[in-house]
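See below for the structure under consideration.
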Amino acid sequence: MTNASEVLSSIQSAFPGAVLDSRVESDRRLWATIDSKKILDVCKHLTAKLDFDHYSGSAGVDWMARNEMEVVEIMTSHGAHQVVAMLKVKTPRDNPSVPSLVPLYWNANWYEREIWEMLGINMEGHPELYPLLLSDPLVGSWPWRKDFKGYPDLTTGERAVAITTPEGYTDYYFPPTQAEVEAGTVVAERPKYPTFLEREEREIKSDSEMIMHLGPQHAMVPGPFLLDILVEGERVKKAFLDIGYIHKGIEKIMENRSWLQGITYTDRMCYVASLTNNECYCGAVEKILGLEVPERAQYIRVILEELSRIQSHLIGTGEFLTLIAGVGFAPWQYMIIDRERIISLIESVTGARLTHTFVRFGGVRNDLPEGFAEQCRKDLPYMKSRIEEFIDLFAQDPIYHARMENIGSISPETGKRLGCSGPVLRATGVAYDMRKEDPYLVYPELDFKIITGTRGDSADRIDVRLREMLESIHIIEQCLDKIPSGPIKTEAKIPKKVPAGEAYYRVEDPRGEMGMYVISDGGDKPYRVKVRGPFYATFQTLTPLLEGVYIADAVAIAGSMDGCPSESDR
Amino acid sequence: MLKRKMIKNFTWPLKTATREIEVTRLYPEFMMNLPAAERGIHELDATICIGCGTCARVCPNSCIEMVNFKFGSPLKNKKMQFPQIDYGRCMFCGLCVDECPVECLKMGQKVTMAGWTREDIIKSPDFLATKRFSAKEVADLEAEAKRIAAEKAAAKKAAAKEGAAKEGAAKKPAKEGAAAIKNGEAKPKEGGAA
Ligand code: SF4
Ligand code: SF4
């Protein structure tokens, strides 16, 4: 199997002089600085020759002291090998610009838009460089640059001045105060681009077409996002997605909090998956620190993360099935009743029902309480029988089938090209799961299967989630048998200041591949935290999937993705 | 065929709903059983809190403020500063509990804290303290602290005098003076314990 040094030597021999700097961290991690003129060729080479068929995202970093900016392209493979290549491209800080990878990888689109709006790095050749998360008045302030001075206060209503737009609508404008101009928080020069509305309206080609809004507050969506569909009759011609309604700037906040405090912020990216978010952040920091996690703590983490996966899948499935409402029985309340048992189990260990703040650097917060294993052995078989019942019920419901089967189908090739992961990708038949792909904790010692579907449609996505819960139960049962006694925290002292370094750590979130790229400059706070969320990637695939479907199916497709805008907006 | 299949989807919920109806929690009439690990309202053991302020520094939401409170130990907590928690901001993450060096801050199973105003839910050490000294004990401890302080001051003075007397002799006396202070510190502590 290919390993990192082989990949490096292959690049070096194919493009002499393209690799400016490199570091082979392990067999599975390659860090290389690539000449920005060659990056497109290098990526092409990686994809064509070395099976790097998964563009997993990119991160922008502002190195103010060095007066340069960096874009890190994360290249991985869908199962051909386990190497993650972190390819850095440097650009001077004044007038930063790097080549865009959108011509090679369709899914680079959102990642690069985000880098542009947050750091002001121009993406040469990007077809649609529009803001994604920020609202229009804030674009141009480049908030993730290290010398960013803060936003002007746009929250006070008294400051707003009403203006009438040419179409006759009332809009509001916030004239900057003198103090703000002096402090430098006002955007001096806003980049020019067509707004979301203009982009939508130029797609309307005839009188028979119109735009329908689903969201930002819609019964269909689990959090606020705007899905506008251009319809002609009952058919969706084109879909437009506007996200960023709950952009909290978590990555920026974490740069201003101590390492330990950062854990609480990872909870709040997505509350149903907060344990895996904790794990991802702590794992990355542990990698920088070089900490060994005691085995018992690893088992506890696995048990809780699998429990958390079960409850996340229950809420994802249950919530969604009420949306399509075509099912003879409404499983929502039954799934919530069952989920309560799982939540109680988690609560008995972590002390909190949702935002757990449980995983710590080098261990966990609490040990398993007395009687936990017995309670698990009582509840898990019950859960198993219930989930089997659900599978049975869904399998024989004709309305459910009419509503879900062959709706929003993705082929394995498309799934890989679009860059989605988790149950959405596995439903297409691609066995891509971080627990096998980039093994962490004690997963290599446990026996479990990767659940895959065959058709890649909405029904399969639900089916994969349901069967994954059974697999999780199987994992937990093994863990309960195998868990050793011992300490739950490493004995090593965890320093307040983390030594300079960087790490990329991936975990399998209930929604798919989640990675965190953490950089330390030796200070008591992270220098940069980049969250590569699973739903961000899946979300991006929504617009092409919706083209050509019926309006009613839009809900079935969007819902079956088990969305969490909170996590994609961060 | 279609109808027969559909029927199960109505009978199943009917059966299940009649079997398992006890789901609603009758809160607040009946409090549910909370696990021992529950992270509820903080419990402060004022008798051992040293007023170091670690909890206030580690809190991600800055909801802890160190305030004056009378019923702690003046021996351990010289400035008599104890944590006051703003539950309007607290997210019950438990970092303050983990980082407390003497483990005097805990989180308990008490979870009711509603108030009519924002000020109502800023809870003072008086509310948080589950263990505290009575006024009399505090007075005794204060006297104790005063005595120690006085003894210390006396020891210091004596050391200073000694130092002054032996000023002519170069470095050695200074060391002795320091040793004298250390001895002076150690003694009253034993007295305090007795
Ligand atoms: S509660 Fe603990 S951390 Fe807070 S001031 Fe007291 S001793 Fe220090
Ligand atoms: S529980 Fe967390 S938020 Fe609440 S006071 Fe403690 S550190 Fe602050």
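What follows is calculated from the coordinates using simple rules that are stated; it is not laboratory data. Please read these numbers as outputs of a predicted model, since none were measured by experiment. Quick reminder, even Gly has a Cβ in these numbers, built from the backbone with ideal geometry, and neighbours come from all protein chains shown.
Pairs of Cα atoms nearer than 8 Å and 6+ residues apart set the relative contact order; for the stretch B:35-133 it is 43 percent.
This ranking places A:MET269, A:MET123 by how few other beta-carbon atoms lie within 10 Å of each, fewest first, which gives A:MET123, A:MET269.
The label-point distance for B:THR18 and A:GLU389, in a model that sets each label 7 Å from Cα toward Cβ, rounds to 1.4 nm. Legend: ranking of residues A:SER308, A:SER135 from fewest to most surrounding C-beta atoms inside 10 Å; resulting order A:SER135, A:SER308. Normalised by the number of residues in chain A, the mean separation of alpha-carbon contacts (under 8 Å, six or more apart) gives a relative contact order of 14 percent. Pairs A:LYS287/A:LYS525; A:LYS384/A:LYS449; A:LYS37/A:LYS146; A:LYS248/B:LYS123; A:LYS146/A:LYS493: which exceed 19 Å Cα-Cα? As for pairs spanning more than 19 Å Cα to Cα, those are A:LYS37/A:LYS146; A:LYS248/B:LYS123; A:LYS146/A:LYS493.
Using a simple spin-label model with pseudo-atoms 7 Å out from Cα toward Cβ, A:GLN217 and B:PHE30 lie 3.6 nm apart.
Extension gain for A:ALA552 to A:ASP147 (0.36 nm times residue separation, less C-alpha to C-alpha distance): 141.1 nm. Taking amide H atoms as placed 1.01 Å from N in the peptide plane, the amide H of B:GLU43 lies under 5 Å from those of B:LYS106, B:MET107, B:GLY108, each 5 or more residues away in sequence or on another chain. Under a 5 Å amide H cut-off, with hydrogens placed 1.01 Å from N, A:GLY57 pairs with A:ILE74 among residues at least 5 apart or on other chains. Give the shape of chain A as rounded, prolate or oblate, defined through the alpha-carbon gyration tensor: a ≥ b ≥ c are the square roots of its eigenvalues, a/c under 1.5 means rounded, and otherwise the shape is prolate if a/b is larger than b/c and oblate if not. The shape class here is rounded. For the peptides A:347-358, A:7-18, A:510-521, B:134-145, the ranking by mean Cβ contacts within 10 Å, running from highest to lowest, is A:510-521, A:347-358, A:7-18, B:134-145. Shown in residue order for the stretch A:353-365 are the 3J(HN,Hα) couplings computed by the Karplus curve 6.51 cos²θ - 1.76 cosθ + 1.60 at θ = phi - 60°: 7, 10, 8, 7, 6, 9, 6, 10, 4, x, x, 10, 6 Hz (x for Gly and Pro). The spread of Cα positions in the stretch A:4-183, taken along each principal axis and listed from longest to shortest, comes to 62, 37, 25 Å. The ranking of A:ARG190, A:ARG296 from fewest to most other beta carbons within 10 Å of each one's beta carbon is A:ARG190, A:ARG296. Only helices enter this figure: runs of n ≥ 4 DSSP H residues, each worth -39500 (n - 2.57), summed and divided by the residues of the protein assembly as shown, yield -12500 deg cm²/dmol at 222 nm to the nearest 500.
The residues neighbouring A:ASP35, those whose beta-carbon lies less than 12 Å from its own, together hold a net charge of +2 under the Lys/Arg +1, Asp/Glu -1 convention.
Applying the Karplus relation 6.51 cos²θ - 1.76 cosθ + 1.60 with θ = phi - 60° to the stretch B:76-90 yields 3J(HN,Hα) values of 8, 10, 4, 8, 6, 10, 10, x, 10, 10, 8, 6, x, 10, 5 Hz, where x marks Gly and Pro. Simple point charges give the picture: +1 on the Cβ of Lys and Arg, -1 on the Cβ of Asp and Glu, and for the protein assembly as shown a dipole about the Cα centre of about 2740 debye. Residues whose amide H lies under 5 Å from that of A:SER97, counting only those 5 or more places away or on a different chain, are A:ASN122; hydrogens are built 1.01 Å from N in the peptide plane. Computed from backbone phi with θ = phi - 60° and the Karplus coefficients 6.51, -1.76 and 1.60, the 3J(HN,Hα) list for the stretch B:9-19 is 6, 9, 6, 4, x, 4, 4, 5, 5, 7, 7 Hz; x is used for glycine and proline. Using the Cβ-Cβ distance between A:LYS378 and A:PHE448 with R0 set to 25 Å, the FRET efficiency works out to roughly 0.70.
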